[in-house]
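Please read the structure below before turning to the comments.
Just so it is clear, none of the values below were taken in a lab; they were calculated from the coordinates. Just so it is clear, the model here is predicted, and its values are computed rather than measured. Every residue, glycine among them, receives a Cβ derived from its backbone with ideal geometry; neighbour counts consider all protein chains shown.
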Amino acid sequence: MFFAAITQSCALASMLLVGAAAQERAGSLPVPVAAAEETEAAPAAPSSRLSEEESALIERLLAEAQAARERGWILRPRGRSAADLYREVLRILPDHEGGREALVDIHRQLLDEAVLMARDSDFESARSLLDEAAELHDDALLFAWALGRIAAIRERRLAEAEESVVGLIDSRRFERAEDRITELVAIGLDQARLQAVRRALADARLYGTLRPGQTFADPLAEPGEYGPVMVVIPAGTFMKGSPESESGRRSHEGPRYRVTFERGFALAQTETTVDAFAGFVAETGYRTDAEERGWSRIYEPRSGRMTRRNRINWRHDYRGREAAMDLPVVHVSWRDATAYADWLSGQTGRTYRLPSEAEFEYALRAGSQTRYWWGDDTPSEPVENLTGDGDISPTNARWNVAFSGYSDGFWGPAPVGSLKANPFGLYDMGGNVMQWTRDCWHDSFVRAPTDGSAWINPGCGHRVIRGGSWSSTPDMSRSAYRISGAEDSTDMRLGFRVAREL
């Protein structure tokens with residue numbers, strides 16, 4: 001292989017390359033010492049071994065060869081080129097000095113031209129020219145010099161082109177990046193590096209400048225402040241909904257159908273916290289639906305029931321007490337959650353929104369198709385804030401319907417990220433608090449979008465709620481479980497997390 005030969009010759013040419021680089025910077029090509037002097041290809045005196053007819057033929061061939069050189073016919077046309085004419089001279093008289101020196105000079109000229117072609121990034125033509133030069137004359141040192149020069153030029157072009165591809169990908173100029181990758185193929189980039197560049201382009205098309213599983217946080221307008229930690233969710237496909245054979249299945253969880261995400265997206269690693277929501281309210285003066293209405297629903301430990309209470313809003317926890325900053329914010333409506341996402345978009349210059357129902361289930365399942373993301377039954381370790389028969393309420397009560405032999409140590413919402421992340425690196429997707437999605441409520445999946453986008457009808461007043469909560473029964477904690485909620489409804493079980501487009 002030509003490019004393999006280039007690499008092998010670099011060591012042999014290293015001493016010549018030092019001077020070559022300096023001369024190239026000065027604007028001229030290096031000339032090896034052995035070939036530094038031009039030859040005139042003057043005819044030698046006819047040998048006594050030649051007949052007058054042969055001598056005359058040699059003189060004619062030499063004159064035609066000189067004319068061919070002046071016309072630029074060095075290698076073409078075949079039979080009439082300078083190289084072929086000089087070789088004919090040497091066939092008649094092998095020790096003809098003028099013919100031999102002329103071929104040496106043409107050999108050097110071809111090597112110089114090959115280097116010039118390489119400087120113009122025409123490496124294929126340079127290869128062909130070197131092959132033809134090798135047939136004219138055997139000079140290992142001179143040939144190694146040419147190979148070494150071309151190797152250095154090629155590597156520099158590759159580095160420049162790779163850097164250019166990275167810049168084009170970063171600026172999302174994907175079509176131009178494709179063109180530059182084609183140039184890398186032409187230059188001869190090795191397969192491992194070529195695959196890495198192509199993979200970077202493919203990932204950029206799917207995930208922007210990020211990669212699947214990566215976490216990041218966008219800076220907010222206030223210096224030193226950042227938005228929520230986001231996780232890049234890989235593109236892929238899954239079966240949305242539940243099979244008819246699944247225990248606890250509801251009719252509105254079907255018909256089951258395939259959803260394909262052509263592009264990745266980002267989802268907040270945890271639910272939105274009280275602290276994060278407080279920053280939004282402080283910045284905007286926003287008033288939530290619960291504040292405007294004057295009440296929300298809390299959990300009453302004595303009765304074990306959900307109870308309406310006045311003057312409850314996002315600042316309160318599930319019992320109506322002041323909420324800790326690291327808890328998921330509750331008592332927020334769909335409209336409140338959307339307002340927060342819109343604020344993040346304005347702060348960061350990126351598109352934040354609530355996740356679609358399909359995005360939520362896809363991220364919740366994280367590659368699984370079982371009842372829960374961890375399997376089909378009670379988890380073997382604390383993975384989510386669920387209803388376990390080992391959990392005890394503030395009044396020493398226990399759940400009547402719960403996961404058998406399970407306890408996560410919490411009654412009511414836990415601080416976000418307290419337990420285990422699912423395989424996509426997300427916390428609290430199947431427990432802790434239920435979460436709002438963008439979609440309007442539909443009582444089946446007939447005609448639902450198959451690309452993972454939100455299913456929205458103008459004027460709808462009810463939205464889809466997904467995910468289990470700290471008070472959900474095992475059937476309500478299933479990955480396919482879904483309920484509807486009015487856009488302004490709030491309670492102590494319901495929060496949200498945001499998605500971001502890539």
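The table below lists the values:
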read-out	value
Diffusion constant of region 96-253 at 10 °C, which comes from Stokes-Einstein with the Kirkwood Cα-pair radius and 1.306 mPa s, µm²/s	77
Cα-Cα pairs of region 49-116 separated by more than 21 Å (percent)	21
Cα point-scatterer Debye curve for region 115-199, base-10 log of I(q)/I(0) at q = 0.18 Å⁻¹	-0.77
Calculated [θ] (222 nm, deg cm²/dmol) that DSSP helices of n ≥ 4 give over the chain, each run adding -39,500 (n - 2.57)	-12500 deg cm²/dmol
Three-way shape call for region 230-378 based on the alpha-carbon gyration tensor, with the a/c threshold at 1.5	oblate
Cβ-placed point charges (K, R +1; D, E -1), dipole of the chain about Cα centre in debye, nearest 20	2820
Per-selection metrics, region 191-278 (Cα): Rg and Dmax in Å	18.4, 53
Region 350-500 pair-distance distribution - Cα-Cα, 5 Å bins, rounded %	2, 10, 19, 22, 20, 13, 9, 4, 1, 0
Under the Karplus curve 6.51 cos²θ - 1.76 cosθ + 1.60, θ = phi - 60°, whole-Hz ³J(HN,Hα) for region 377-385, x wherever Gly or Pro sits	9, 4, x, 7, 8, x, 10, 9, 7
Neighbour net charge for Glu253 - beta-carbon separation under 12 angstrom, K R +1, D E -1	+2
Kirkwood hydrodynamic radius of the chain, from inverse mean 1/r over distinct Cα pairs, in Å	28.5
At q = 0.14 Å⁻¹, base-10 log of I(q)/I(0) for region 261-336 (Debye sum, equal scatterers on each alpha carbon)	-0.51
Of Gly304, Tyr257, Gln269, farthest towards positive along the dipole that unit charges on Lys, Arg, Asp, Glu beta carbons give region 246-307	Tyr257
Estimated FRET transfer efficiency (Ala324, Asp475; beta-carbon r; R0 30 Å; 0.05)	0.50
Cα pair distances exceeding 15 angstrom across region 304-389, given as percent	74
Mean Cα-pair separation over length for the chain, i.e. relative contact order, pairs under 8 Å, 6 or more apart, %	13
Region 362-502 - charge dipole about Cα centre, Lys and Arg +1 at Cβ, Asp and Glu -1, debye rounded to 20	260
Global geometry of region 45-176, whether rounded, prolate or oblate, following the gyration tensor of its Cα atoms and the 1.5 cut on a/c	prolate
Given charges at beta-carbon only (K, R positive; D, E negative), |dipole| of region 287-428 in Debye	640
